[in-house]
Each structure stands twice: as C-alpha cells, then as structure tokens.
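Notes to accompany the following structure.
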Amino acid sequence: MIDPSTFAAGGVVGRRVEHEVVVAASPRDAWGAWVDPARVTNFLGEQARIDLRIGGRYEIIFLPDAPEGEQGSETCRILAYLPGELLAFSWNAPPQLAEIRFRHTWVVVTFQGPPEGPTRIRLVQAGFGEGPVWDEDFAYFERAWGTVLRGCRDYLGAA
C-alpha cells in the first residue's frame, strides 16, 4: 500500500534530479530491465524485491548484510507504470541520513524511442524536503543516479 504521509513533499515541487542516457535496446526491453529483479541488479543494487503492481514493492538491496532498514530501498513502492514507457516508484534517503531515511521522494523513469530502439531513458527524482539534510540527500542522488544510468547504458549497450 502507498502511504501518502511518508512523502516529504506534495503538490507542485521545484527541485529535482534529472539524468538521461540513450541505449541500444528497445523501449520494452529497457523498461523490462528496470522491473525484472534478475536484470535490474546488473546496474542497480545487489538484490531486488519487485512486485510489479501499483503499491507493490520496489526494493533494491545494496547492502544485503546490513540490518533490515539499512540495506537499500526498503519500504519503497511502485507508484505507476506503463509497460515499455514509464516506471514510477517511491524512494528513500540513504541510511547515513537517518533523520529523513523513510521520508520518501518519487522517481519517474521514462523510455522513449522507436519499437526497435534506440531508447532514451530519462530519470527524474522529485519531492525533496527543505533544509540542510535534504540538500545533502539531493546532492547524493544528483551523483548516484548519474552513475546508475551509466551502468544501465553499459548493461543495455550504448546507442
């Protein structure tokens, strides 16, 4: 279930992280790489718990040996999806930002291109709160999502 009270922001938001890459894969294949637990770990995390339904889990595990709650994106949920076109999910802060760890933002990933590819993958994260700890969270994801998308491009092939 999606609990709106866990989100840090609502309504119209201003600040957002944006990254994009172009991959050789088709939009459907690129989208599939983000929703298949066996494939997403090729560029995002070590393990994945994905339940592809609205409100289903979108938990990427980066530190499987860490205590529960500090492993990765625990408590994150799928907000929306259109096969081959869009995936939206909630996202949490890294464990070192304990003050806001489970105050969610949201991530929207779009997949655009001709049916055979190449595909432009665009990722936008929004819904950041205000204050110094949120500034740190924003800066962290400004770096991290760029790394993830480059890894996705390496996995799916550069166009």
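Taken together, the values in this text are just the output of simple stated rules run on the coordinates, not laboratory data. Source: prediction; values computed, not measured. Cβ atoms come from the backbone with ideal geometry, glycine included; neighbour counts cover every protein chain shown.
Can you give the net charge of the other residues whose Cβ lies under 14 Å from the Cβ of L149, counting K and R as +1 and D and E as -1?
+1
Once you reduce the stretch 98-159 and the stretch 1-27 to the center of their Cα atoms, the two points are 7 Å from each other.
Our summary gives the chain a relative contact order of 32 percent, counting only alpha carbon pairs under 8 angstrom and 6 or more residues apart.
Build a GNM of the chain with springs between Cα atoms under 10 Å apart, and of W91, W31, W134 the one that fluctuates most is W134.
When you filter the trypsin sites (Lys or Arg not before Pro) in the stretch 51-159 for DSSP loop state and at most 11 other Cβ atoms inside 10 Å of their Cβ, you are left with R53. Neighbours of G113, meaning other residues whose beta-carbon lies under 14 angstrom from its beta-carbon, give a summed charge of 0 when Lys and Arg score +1 and Asp and Glu score -1. Projecting the Cα positions of F141, L52, G72 onto the charge dipole of the chain (unit charges on Cβ atoms of Lys, Arg, Asp and Glu, taken about the Cα centre) puts L52 furthest along the positive direction. Put simply, the C-alpha atoms of the chain give a gyration tensor, and the ellipsoid matching it has half-axes of 25, 17, 15 Å, longest first.
With a cut-off of 12 Å between beta carbons, the residues surrounding V133 carry a summed charge of -3, where Lys and Arg count +1 and Asp and Glu -1.
Summing Cβ point charges (Lys, Arg +1; Asp, Glu -1) relative to the Cα centre of the chain gives a dipole of roughly 440 debye. Between A80 and A158, the FRET efficiency from the beta-carbon distance, with R0 = 35 Å, is close to 0.80. Axis angle, to the nearest 10 degrees, between helix 132-156 and the longest C-alpha principal axis of the chain: 20 degrees. Using Cβ point charges alone (K and R +1, D and E -1), the dipole size of the stretch 1-66 about the Cα centre works out to roughly 180 debye.
Think of the chain as having a plus end and a minus end, set by charges on the Cβ of Lys, Arg, Asp and Glu; of S26, V108, G127, S26 sits farthest toward the positive end of this dipole. Mean residue ellipticity, 222 nm, helices only, the chain: the sum of -39500 (n - 2.57) across DSSP H runs of n ≥ 4, divided by residue count and rounded to 500, is -7500 deg cm²/dmol.
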